[in-house]
Amino acid sequence: MKTVKFGGTSLADAAMMKQCAEILKADDERRFVIVSAPGKRFKDDIKVTDLLYQIHDECENGKDFLPTLEKVKERFAGIVKDLGIDFDLDGEFAKIAEDIHPSCNQSWLVSRGEYLNAKIFAEYMGWPFVDAKDLLIFKENHLLSHHLTYKNAGNILEEYSHAVIPGFYGADTHGNITTFTRGGSDVTGAVIARSVGASLYENWTDVDGVMTADPRVIDHPKQVRYISYRELRELSYMGASVLHEDAILPIRSTGIPIEIHNTMDPQAPSTRIAAAYPVDLEKHPVTGIAGKKGFSNLQIEMALMNTQVGFGARILEIIAENGISYEHTPTSIDIISVIAETSYFEHCREKIIMEIDREFHPDKLFIEDGMALVTVVGEGISTNVGVAAKVLQIISNAGINVRMIDAGCSELNIIIGVNETDYEKTIKALYEGLHEYL
Ligand code: ASP
């Protein structure tokens, strides 16, 4: 049995919904369907979820939110009319409008896109609608209670042969709706696949699958046909945006594979994500290249730092006390660097500098912005001699200055820090230079 998730563009209007219905009908094993809210129909269109966030902002700031709510209603009214189904939108929207107030639960409000889209799609398919609030159990810290959820959702869904389930949200034990972070319907798909013991999780979206490099930087990059769970997690964490980075976690220990398919071209080759794959790692040690801009380097230089036991731990403590989640901490004898997203330093830049200065009086202490991180990911990197050398050679041949290198012990990836201004150039050089390895 397969669990299927359709993304927002795949369900952006009635014609797309009909296409999704055809995909479901083409395979009897596709039995549990997770849906996103209607996404963009054209480049400058606004996603329903974005409109719902806007309504919450307007309401909180005492502005009139009704015109924006009307826009959401019009989106759904168009879909209902073009699908030719009977659906009480007026009733649904009257209830939603009644419950919107300045201190209403934001997660509840923004999840209404998935809720309504799933109800409409269920009606069109003639399949039962099962509300995600009854399936996915969140803790009060907004994190999913994984094992409770698998048991609970598994028990409930056992009663159904087919179901349409809204993505993106669940509820805590008091019944308060809680959402994942943006793009979280991918995670719902994985959670449901695990709960029902699916043999496959199909994720239908608006691209052919995972690409070996960012298509915004590389024109028509080669598609990745097979990728391991951990490679995909690395790539999506570092900017490859096909699948939510947390969608792997619920299923990787069970071995349920994920396939990424293009709704507009169902026959096109997909990307298959699994624990292992049939690729010759000697010939293709690298699976993909990804990267992100917007990092800063907090650098502390102090003679004889190496002899002070606990120095690094204290620096990281200061970082944690200021709410910063860091990415890398390269060190040398007298220097320790902490690389983190620039946005984390926004509110505590001076404070951190002052705290470190007061405690250690280092010889040099500064935060330098403008770093981009680029990662080369591949299961074959650890078993093939010379991949790291090749990566550095490509970068140096392109005249790009390397600001940081982190190859990690897992050797699943090599991460290079470069100036943001060199970001695109680095990705292009690596894609060209590593082509034979991909
Ligand atoms: N609709 C939500 C978002 O735009 C969740 C999703 O589509 O996965 O982030």
For region 322-330, take each phi angle, set θ = phi - 60°, evaluate the Karplus expression 6.51 cos²θ - 1.76 cosθ + 1.60, and give the result in whole Hz per residue in order, putting x for glycine and proline. 8, x, 9, 9, 9, 9, 9, 9, x
The alpha-carbon center of region 92-116 and that of region 347-426 are separated, in whole Å, by 43 Å
Can you work out the Karplus-derived ³J(HN,Hα) for every residue in region 383-393? Use 6.51 cos²θ - 1.76 cosθ + 1.60 with θ = phi - 60°, whole Hz, and x for glycine or proline. 9, 10, 6, x, 5, 4, 4, 5, 4, 5, 5
Please turn the phi angles of region 163-173 into ³J(HN,Hα) values with the Karplus equation 6.51 cos²θ - 1.76 cosθ + 1.60 (θ = phi - 60°), one per residue in order, whole Hz, x for glycine and proline. 7, 10, 10, x, x, 6, 9, x, 8, 7, 5
Can you work out the accessible area per residue across the chain, with the rest of the protein chains kept in place, probe 1.4 Å, in square angstrom? 45 Å²
Could you pull the accessible area for residue 127 with a 1.4 Å probe, rounded to 10 Å²? 50 Å²
For the pairs 283/390; 2/151; 2/292; 95/133; 222/292; 5/151, note any where the Cα-Cα span goes beyond 24 Å. 2/292
Whenever you get a sec, line up 1, 354, 238 from highest to lowest accessible area (probe 1.4 Å, protein heavy atoms). 354, 1, 238
Tell me which of 232, 97, 416 sits at the most positive position along the dipole axis of the chain, charges placed on C-beta atoms (Lys, Arg +1; Asp, Glu -1). 232
Not counting ligands, DNA or RNA, and with a 1.4 Å probe, what is residue 236's accessible surface area in Å² rounded to the nearest 10? 10 Å²
Expressed in square angstrom to the nearest 10, the accessible area of residue 44 with a 1.4 Å probe stands at 120 Å²
For the chain, what is the mean residue ellipticity at 222 nm derived from helices alone (per DSSP H run of n ≥ 4: -39500 (n - 2.57); sum divided by total residues; nearest 500 deg cm²/dmol)? -11000 deg cm²/dmol
Ignoring any ligand, DNA or RNA, what whole percent of the accessible area of the chain comes from carbon and sulfur when the probe is 1.4 angstrom? 49 percent
Within region 181-283, GluC sites (Glu not before Pro) in DSSP loop having at most 13 other beta-carbon neighbours inside 10 Å: 282
Roughly how big is the chain's charge dipole about its Cα centre, with Cβ charges of +1 (Lys, Arg) and -1 (Asp, Glu), in debye to the nearest 20? 720 debye
In terms of the Cα gyration tensor, with a ≥ b ≥ c the square roots of its eigenvalues, is region 362-438 rounded because a/c is under 1.5, prolate because a/b exceeds b/c, or oblate? oblate
For the chain, using Cα atoms only, the Rg and Dmax in Å read 24.0, 75
Amide hydrogen neighbours beyond the local backbone of residue 37, cut-off 5 Å, H modeled: 114
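The values are calculated or read from the model by the stated rules, or taken from the named source; none is laboratory data. Bear in mind that the values here come from a model prediction, so they are computed numbers and not experimental data. Cβ coordinates were reconstructed from backbone atoms using ideal geometry, including for glycine residues, and neighbour counts include every protein chain displayed. With ligands, DNA and RNA removed, areas are computed over all heavy atoms of the protein, side chains included. Shrake-Rupley method; radii C 1.70, N 1.55, O 1.52, S 1.80 Å.
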